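Have a look at the structure below before the remarks.
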Amino acid sequence: MTIIQIIVLSLIQGLTEFLPVSSSAHLILGSRVFSWPDQGLVFDVATHLGTLLAVLLYFRKDLMGMLKPWLSADNTDQQARNLGLTLVVASIPAILAGALLHNWVEAVLRDIKVIAFSTIGFGLLLWWADKRFSEVKALQDMSMRPGLMIGLAQMLALVPGTSRSGITITMGRMLGFNADAAARFSFLLSIPVIAFAGAYGVLKMLLNQTDIDWVQFSLAVVLSAFAGWFCITAFLALLKRVGLVPFVIYRLALGLALLWIAFF
């Protein structure tokens with residue numbers, strides 16, 4: 001990969017990982033527009049590590065609050081303890097599904113038409129959920145049952161174009177959580193999944209004895225981490241001002257652009 005490819009694709013991955021707009025759709029669109037080859041395993045691992053770093057840094061206080069009751073005899077903050085347990089349990093379905101179906105998804109579903117239709121279809125579902133359901137619940141109202149339902153919905157993100165954050169925010173809104181709470185839980189829920197995907201990629205690199213350009217690898221980690229942190233900060237601020245509808249419109253436009261590339 002050239003330095004320009006690394007910069008552009010790292011920023012795309014970091015900016016779109018946490019937005020409800022499908023990072024895979026953007027990576028394919030960027031590759032098709034510039035006629036770039038597939039970025040490969042090493043780049044995927046680097047950007048997974050970068051986006052993981054971004055979400056860990058942004059939610060470091062929340063994560064420490066969840067860990068503290070488990071690491072000490074102080075059980076006064078039962079709410080934080082329960083939220084941490086909910087995140088762990090809710091992550092299991094997507095991790096298991098990813099481990100079992102990853103190779104099949106890559107072989108069968110990673111097609112530009114699939115990505116285009118899922119980008120449009122799940123975008124419309126996000127719009128319907130945001131308009132149809134109430135916004136009465138905040139993050140502190142998250143319990144095991146709704147958390148597990150969001151975790152089950154996260155399995156659909158295996159379909160390229162669905163968007164992991166998009167489908168989890170959609171389910172959160174369908175369960176009555178406001179957009180901010182749904183987004184924050186979605187970002188926290190991404191931590192185990194991204195960590196597992198990154199660890200799996202590292203294992204594959206070790207087993208295949210993959211050659212690594214450490215300068216390029218480090219650049220991809222840093223850029224995707226910066227872009228991911230900026231994305232989380234900006235998205236949570238924008239939600240309070242403009243809501244989810246602009247992201248739905250963007251998904252529809254992106255899906256139509258992919259369909260144009262696929263058929264014309």
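The values are calculated or read from the model by the stated rules, or taken from the named source; none is laboratory data. Here the structure is a predicted model, which is why all the values come from computation and not from measurement. Cβ coordinates were reconstructed from backbone atoms using ideal geometry, including for glycine residues, and neighbour counts include every protein chain displayed.
Results for (1) at pLDDT 85 or above; (2) under 23 Å from Met155 (Cα atoms); (3) among the hydrophobic types (A, V, I, L, M, F, W, C), shown as yes or no for each residue.
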site: Ser24; (1), (2), (3): no, yes, no
site: Gln39; (1), (2), (3): no, no, no
site: His48; (1), (2), (3): yes, yes, no
site: Gly65; (1), (2), (3): yes, no, no
site: Ala73; (1), (2), (3): no, no, yes
Taking region 9-36 and the residues there that are within 17 Å of Leu258 (Cα to Cα) and small (Gly, Ala, Ser), the one that is surrounded by the fewest Cβ atoms within 10 Å (Cβ to Cβ) would be Ser35
Would you confirm whether any residue within region 53-60 is outside any helix (DSSP H, G or I), within 22 Å of the chain's Cα centre (by Cα) and over 30 Å from Val245 (Cβ atoms)?
no
Note: among Ala197, Ala153, just one is touching a His at 6+ places or on another chain (Cβ under 6 Å), surrounded by 16 or more Cβ atoms within 10 Å (Cβ to Cβ) and in a helix (DSSP H, G or I), namely Ala197
Scanning region 106-131 for residues that are under 17 Å from Met171 (Cα atoms) and among the hydrophobic types (A, V, I, L, M, F, W, C) gives Ile120, Phe122, Leu124, Leu125, Leu126, Trp127, Trp128, Ala129
_Can you confirm whether Ile191 is free of Cβ contacts under 8 Å to residues at least 12 places away in the same chain and among the aliphatic types (A, V, I, L, M)?_
no
Note on region 122-138: residues closer than 23 Å to Thr16 by Cβ and touching a residue at least 24 places away in the same chain (Cβ under 8 Å) are Phe122, Gly123, Leu124, Leu125, Leu126, Trp127, Ala129, Asp130
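So that you can scan it fast, the table gives a plain yes or no per residue for (1) buried (at least 18 other Cβ atoms within 10 Å of the Cβ); (2) charged (D, E, K, R):
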{"position": "Ile7", "(1), (2)": "no, no"}
{"position": "Phe43", "(1), (2)": "yes, no"}
{"position": "Leu56", "(1), (2)": "no, no"}
{"position": "Asp62", "(1), (2)": "no, yes"}
{"position": "Ile92", "(1), (2)": "no, no"}
Residue pairs within 7 Å by beta carbon, gap of at least six or interchain, first lying in region 219-240 and within 19 Å of Ala46 (Cα to Cα), second surrounded by fewer than 17 Cβ atoms within 10 Å (Cβ to Cβ), listed first then second, are Leu223/Ile7; Trp229/Leu57
The number of residues in region 7-35 that are in a helix (DSSP H, G or I) and closer than 23 Å to Thr233 by Cα is 15
Discussion item. Can you find a residue that is aliphatic (A, V, I, L, M), in contact with a Leu (Cβ under 7 Å, 6 or more places away or on another chain), more than 21 Å from Ile232 (Cα to Cα) and surrounded by 14 or more Cβ atoms within 10 Å (Cβ to Cβ) anywhere in region 127-146?
Written reply: no
Check: Looking at this structure, is Asp211 among the acidic types (Asp, Glu), part of a helix (DSSP H, G or I) and surrounded by fewer than 19 Cβ atoms within 10 Å (Cβ to Cβ)?
Finding: no
